[in-house]
Amino acid sequence: MRSENSRYTLQDFDYDLPKERIAQFPAAPRDHSRLLVYNRESGQIQDDFFYNLPNHLPGGTTLVANNSRVEKCRLLFDNGSVEIFVTRVLDERTVEALVRPGRKFRLNRIAEPAPGITAEVLDISEDGLRTLRLDPPLGNVAYDAFRTTPFPPYIEQDESLANQYQTVYARNEGSKAAPTAGLHFTERLINQLREQGVGWEEVTLHVGLGTFAPVKSERIDDHVMHREWYQISANTAGRLNEAVHRTAVGTTAIRVLESASDDQGQLAGSSGETDIFITPGYTFRATDAMVTNFHLPKSTLLMLVSAFVGLEETRRIYRHAIQEEYRFYSFGDAMLLL
């Protein structure tokens, strides 16, 4: 039997975005980003600001946030002309990585990206991912001068923004990209939400290739998600099972909730790797509402949002956002989807 997403192609999730709508800097303060509020029942769209989030959340909801912290996994050598982007650490000397330029990292060759640092290419996967043996080990101080924040390619590398590319509640290091829906929260806003009776729970999903790798297959069915490590504690799962309503902060929090729940939406404490791929036709079991950013065309994140509100409604929301000059992507504005 063909799955529901068999009828969708990559082009179904494409849209045109003016370049000036791509945010290069976050809002200041964080919670002064704009907020688009969409109600799935009525189809109504409202325009507001993120600091007014408490006015729009359903009564009794519990926010579920991803507390993963971004690690400086992007190694830039020779003034940025040579790059090793570590996507997975296999052991202290062996890593999987995206590299640039590819010709410098050929199979069974030893590259020397900087004096005293070598990378032997042990394997090259079909998608170009290299398995490298590093000397010295990755934890060595020799790499410290080359470690940079892994900003996405549409944001200019600027280490002065490194702290702003972390959520204020980031704790568990391991992400290769920020869980960007959480970037809008300030300590003040979180305290205000708690004072108003909004629950706050944290889970962990280390953002990796599963979240940001581009979809290359024209048929959505053919895309294979990379696995990402997640964790939800038994205590957190228990409290969320008692919650009357759950609002996920970001697509990564949704990936945890949907991976750790049964068919009735009951959660269990667990940890491991998930390759869940959520596309239109998916039945959400553990997520009632979500906060999210505006995502890249043809991305798995946009597909997840389309699964939550419907593809045609997603297109309508994005047309509205572009017309109203919302700021897009990692440092951009937010949506609350109810």
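The values are calculated or read from the model by the stated rules, or taken from the named source; none is laboratory data. Since we're looking at a predicted model, the values are computed, not measured. FYI the Cβ positions are ideal-geometry reconstructions off the backbone, even for glycines, and counts take in every protein chain you see. SASA here: full protein model, heavy atoms, side chains in, ligands and nucleic acids out. Shrake-Rupley method; radii C 1.70, N 1.55, O 1.52, S 1.80 Å.
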Inset, instruction - Go through the residues of segment 218-228 one by one and say whether even a single one is closer than 27 Å to S33 by Cβ, of a type in the set (V, I, T) and touching a residue at least 12 places away in the same chain (Cβ under 8 Å). - result: no
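For every residue, the table says whether it meets (1) within 18 Å of the chain's Cα centre (by Cα); (2) at pLDDT 95 or above; (3) farther than 23 Å from G197 by Cα.
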residue: Q11; (1), (2), (3): no, yes, yes
residue: Y15; (1), (2), (3): no, yes, yes
residue: R21; (1), (2), (3): no, yes, yes
residue: R40; (1), (2), (3): no, yes, yes
residue: I45; (1), (2), (3): no, yes, yes
residue: L53; (1), (2), (3): no, yes, no
residue: T62; (1), (2), (3): no, yes, no
residue: T87; (1), (2), (3): yes, no, yes
residue: V95; (1), (2), (3): no, yes, yes
Inset, instruction - At least 3 residues that are under 14 Å from the mean Cα position of the chain (by Cα), touching a residue at least 40 places away in the same chain (Cβ under 8 Å) and surrounded by 15 or more Cβ atoms within 10 Å (Cβ to Cβ) in each: list the strands (runs of 3 or more DSSP E) lying fully within segment 263-338 that qualify. - result: 289-293
Inset, instruction - Determine if segment 185-202 includes at least one residue that is within 17 Å of A307 (Cα to Cα) and among the small types (G, A, S). - result: no
Inset, instruction - Check T167 against each of (1) under 21 Å from D31 (Cα atoms); (2) among the hydroxyl-bearing types (S, T, Y); (3) free of Cβ contacts under 8 Å to residues at least 60 places away in the same chain and name the one condition it does not meet. - result: (3)
Inset, instruction - For residues that are among the hydroxyl-bearing types (S, T, Y) and assigned to a loop (DSSP other than H, G, I, E, B), scanning just segment 21-50, find the one that is least open to solvent (accessible area, probe 1.4 Å). - result: S33
Legend entry - Every residue from segment 240-260 that is surrounded by fewer than 22 Cβ atoms within 10 Å (Cβ to Cβ) and in contact with a strand residue (DSSP E or B) (Cβ under 6 Å, 6 or more places away or on another chain): N241, A243, H245, S259
Inset, instruction - Kindly list, by first and then second residue, each pair from a residue in segment 186-205 that is assigned to a helix (DSSP H, G or I) to a residue that is among the aromatic types (F, W, Y) and at pLDDT 95 or above, limited to pairs with Cβ atoms under 8 Å and residues at least 6 apart or on different chains. - result: L189/F50; L189/Y51; I190/Y169; I190/W200; L193/W200; R194/W200
Inset, instruction - Could you list all residues from segment 229-251 that are in contact (Cβ under 8 Å) with a residue 40 or more places away in the chain and over 16 Å from G182 (Cβ atoms)? - result: W229, Q231, R239, L240, A243, V244, H245
Legend entry - Residue list for segment 223-236, filter: exposed (fewer than 15 other Cβ atoms within 10 Å of the Cβ) and modelled with pLDDT under 90: V224
Inset, instruction - State which residue is surrounded by the fewest Cβ atoms within 10 Å (Cβ to Cβ) when the search covers only segment 5-20 and only residues that are of a type in the set (D, E) and part of a loop (DSSP other than H, G, I, E, B). - result: D16
Inset, instruction - Return yes or no: is P152 modelled with pLDDT under 95, open to solvent by less than 70 Å² (accessible area, probe 1.4 Å) and not acidic (D, E)? - result: yes
